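Working notes for the structure below.
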Amino acid sequence: MDNYRRGSHSVYLLTYHIIFVTKYRKRVITDEMGDFIKNHAEYLCGRMNTKVLSIETDGDHMHLLVSMPPDVAPSKLVNMLKSGLSKEVHLKYKGHIQKYLLGDTPFWSSSYFCATTGSVSIETVKKYIEEQRTDEHHRKYVLSGKYSKSKR
């Protein structure tokens, strides 16, 4: 019962694993930019009464594990995060981004991944997200061939 969150009229445990990828899957996210994105995403989530349980970025994507109240639609959170993060990242890192994306191209791809975490434990999803920037994670995907495009 410790993991349950309480609202004024509800008790809930709704967790989602969300992934955004950069436009054209360009590896534009540096470690510094990733740290900025993570901090700003936590701020934006807090404004929607959404708790970030885990967050990590890699060169071309971001993973979030969030706990949301039942009155927040996942699509609304995704829309707010993608637009808010894109705007702030373009303002702060404009020169760097223009090396990868032309003009006012959106920072994020229009697609996203969102899944409830009911089929696996929260700890399993958190561990997966926190290992995104590790060398072991990259080697695993290069060997499987699924990340072979990362040689850009």
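FYI, it's all coordinate maths here, none of it is from the lab. Not measured: the values here are computed from a predicted model. Cβ sites come from the backbone with ideal geometry, for glycine too, and all protein chains shown count toward neighbours.
Numerical summary
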| quantity | calculated |
| --- | --- |
| Where labels lie 7 Å past Cα in the beta-carbon direction, separation of residue 31 and residue 2 in nm | 3.2 nm |
| Projected label distance in nm at residue 24 and residue 105, using a 7 Å step from Cα toward the beta-carbon | 0.3 nm |
| Hypothetical label at residue 49: residues of the stretch 1-17 whose amide nitrogen lies under 16 Å (7 Å Cα-Cβ projection) | 4-15 |
| Solution diffusion estimate, µm²/s, Stokes-Einstein, the stretch 31-133, Kirkwood Rh from C-alpha pairs, 10 °C, viscosity 1.306 mPa s | 109 µm²/s |
| Relative contact order, percent, the stretch 1-101 [alpha-carbon distance under 8 Å, six or more residues apart] | 32 percent |
| Solvent-free Debye scattering, log10 I(q)/I(0), computed from the Cα coordinates of the stretch 7-65 at q = 0.12, 0.15, 0.17, 0.26 Å⁻¹ | -0.34, -0.49, -0.60, -1.10 |
| Extension gain (nm, one decimal) between residue 133 and residue 71, 0.36 nm per residue minus Cα-Cα | 19.1 nm |
| Reach of residue 76 by Cα under 17 Å, taken over aspartates and glutamates that are not fewer than 8 positions away in the same chain | 42 |
